[in-house]
Amino acid sequence: MSAGSSGIILAGGQSRRMGVDKAFIVFQGQTLIERVLDVLRATCEEIVIVANDAQPYARFAARVVPDTPPDFGPLAGLHAGLRAMRAELGVVVAVDMPFLSPALLRALIAAAEGWDAVIPALTAEVSAEDVKRHRAKDLDMHPLHAVYRRTCLPPIAAALERGDRRLNAFFNAVKVRYFDALEIRAHDPALRSLINVNSPDELAQAERL
């Protein structure tokens, strides 16, 4: 367990492509939310779940907070989670990531000293202009498998106020440490930690892995 870190699970998506709530899909004998909780409990001091309906999560030992503002996408969920956490660092993951690695998450935490955010990025180099013009997905970044400080809250709020919903909308306003593919592979050689399941086909592919 890493001192001074909160685990934040973003579970507020509407699961349109999956057709059912992804958090409670059973994968290898456990629901996805249970798999994610197990990893974060081994990594962080507390757990915050961001979900607009708290009732389904009442049985878990975690605080549940809603998106702020609601229905504004994962950037609003990130803001809500960071605002609710008690620690200085938030380890942020999506609820639909079945292969999370405690070792990789601890490496991201260890790399956060002196930085506002540590973001896995598989591209060779990321420029400020790239961040300004593109979405995180287009740049092969993984901001929903990342570490953020509380210092990110004002820049995130500013992005939300100007209506920019991109998860990387605030990156140029903070100090970001990009965690590259070689660094990730040292803890997760197949990069499976970064896989998420948004559809039945993706779930089936993950099951085959």
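The values are calculated or read from the model by the stated rules, or taken from the named source; none is laboratory data. Keep in mind it's a predicted model, so treat the numbers as computed, not measured. Glycine gets a Cβ as well: all are built from the backbone with ideal geometry, and neighbour counts include every protein chain shown. Only protein heavy atoms, including side chains, enter the accessible area calculation; ligands, DNA and RNA are left aside. Shrake-Rupley method; radii C 1.70, N 1.55, O 1.52, S 1.80 Å.
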Quiz prompt | Label-point separation, Arg133 to Ala157 (7 Å along Cα→Cβ), nm | solution = 3.2
Quiz item: Using a probe of 1.4 angstrom, how much of the accessible area of the stretch 7-162 is carbon and sulfur, in percent?
Solution: 52
Quiz item: Two-decimal Rg/Rh of the stretch 34-82 from alpha-carbon positions, Kirkwood Rh?
Solution: 0.98
Exercise. First check a/c for the stretch 1-110, with a ≥ b ≥ c the square roots of the eigenvalues of its C-alpha gyration tensor; if it is under 1.5, answer rounded, and if not, answer prolate when a/b is larger than b/c or oblate otherwise.
Key: oblate
Self-check item: Gyration tensor verdict on the chain (Cα atoms; rounded if a/c is under 1.5, prolate if a/b is larger than b/c, oblate otherwise)
Solution: rounded
Practice problem: Over the chain, give the accessible area per residue in Å² for a 1.4 Å probe, as an integer. | Solution: 46
Quiz item: Arg86 to Glu125: extension gain in nm, 0.36 nm per residue of separation minus the Cα-Cα distance?
Solution: 10.7 nm
Quiz prompt | Label-to-label distance, nm, for residues given as Arg150 and Ala190 (7 Å Cα→Cβ offset) | solution = 4.0
Quiz item: So what is the 222 nm mean residue ellipticity for the chain from helices alone, if each DSSP H run of at least 4 adds -39500 (n - 2.57) and you divide by all residues, rounding to the nearest 500 deg cm²/dmol?
Solution: -8000 deg cm²/dmol
Quiz item: Given +1 on the Cβ of Lys and Arg, -1 on the Cβ of Asp and Glu, and no further charges, what dipole in debye does the chain carry about its Cα centre, rounded to the nearest 20?
Solution: 220
Quiz item: Amide H to amide H, which residues 5 or more places from Leu89 or on other chains are under 5 Å from it, using H placed in the peptide plane?
Solution: Ser6
Quiz item: So which aspartates and glutamates can Lys132 reach, going by Cα to Cα under 12 Å and dropping same-chain residues fewer than 8 places off?
Solution: Asp164
Exercise. Considering only Arg166, Arg149, Arg185, give the residue with the highest GNM mean-square fluctuation for the chain, with springs between Cα atoms whenever their separation is below 10 Å.
Key: Arg185
Exercise. Determine, from the Cβ-Cβ distance of Ala173 and Ala61 and an R0 of 45 Å, the FRET efficiency 1/(1 + (r/R0)^6), rounded to the nearest 0.05.
Key: 0.85
Quiz item: Taking the Cα-to-Cβ direction at Phe24 and at Asn198 and moving 7 Å from each Cα, how far apart do the two end points lie in nm?
Solution: 2.4
Exercise. Please give the peptides 23-32, 41-50, 171-180 ranked by average Cβ packing (other Cβ atoms within 10 Å per residue), highest first, as a rough proxy for protection.
Key: 41-50, 171-180, 23-32
